[in-house]
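Beneath this line is the structure, given in structure tokens, with notes to follow.
Every read-out reported here was derived from the displayed coordinates using simple, explicitly stated rules and does not represent laboratory data. Source: prediction; values computed, not measured. A quick note on method: Cβ atoms are made from the backbone with ideal geometry, for glycine too, and the neighbour counts reach across all protein chains shown.
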Amino acid sequence: MKEKFKTTLIQIFGTKIGWAAISMALVIIFGIFSTHSTIIDNGYVWCDFAMMVPLGYLIILSITMIVYGLFINPLKKFMKK
């Protein structure tokens with residue numbers, strides 16, 4: 001039980017997919033409480049700014065993964081041949 005819990009924590013906090021999931025959850029939570037929300041009437045302005053940090057991380061992570069998938073990894077394979 002303890003090893004499984006430790007493995008789960010490592011998968012959440014030690015991988016890019018785990019950090020992306022945490023970022024998505026934060027964007028959803030801050031989005032619910034922001035001024036642009038349709039769920040609550042009066043949102044908080046600070047949630048707008050707090051939502052930008054994990055959203056920025058997701059955008060930068062996506063761009064980085066696209067660049068690696070389209071350019072860097074094929075170049076590495078080509079250079080090995």
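Show me the helices (runs of 4 or more DSSP H) entirely contained within the range 1-73 in which 2 or more residues are touching a residue at least 24 places away in the same chain (Cβ under 8 Å).
Working: elements: 2-13, 16-32, 45-67.
Correct list: 16-32, 45-67.
Restricted to the range 60-81, and to residues that are surrounded by 12 or more Cβ atoms within 10 Å (Cβ to Cβ) and of a type outside the set (Ser, Thr, Tyr), which residue is nearest to residue 16 (Cα to Cα)?
If we filter the range 60-81 for residues that are surrounded by 12 or more Cβ atoms within 10 Å (Cβ to Cβ), which is where we start, we get 61, 64-65, 68.
Still in the list and also of a type outside the set (Ser, Thr, Tyr): 61, 65.
Values: 61: 8, 65: 10 Å.
So, considering only residues that are surrounded by 12 or more Cβ atoms within 10 Å (Cβ to Cβ) and of a type outside the set (Ser, Thr, Tyr), the one nearest to residue 16 (Cα to Cα) is 61.
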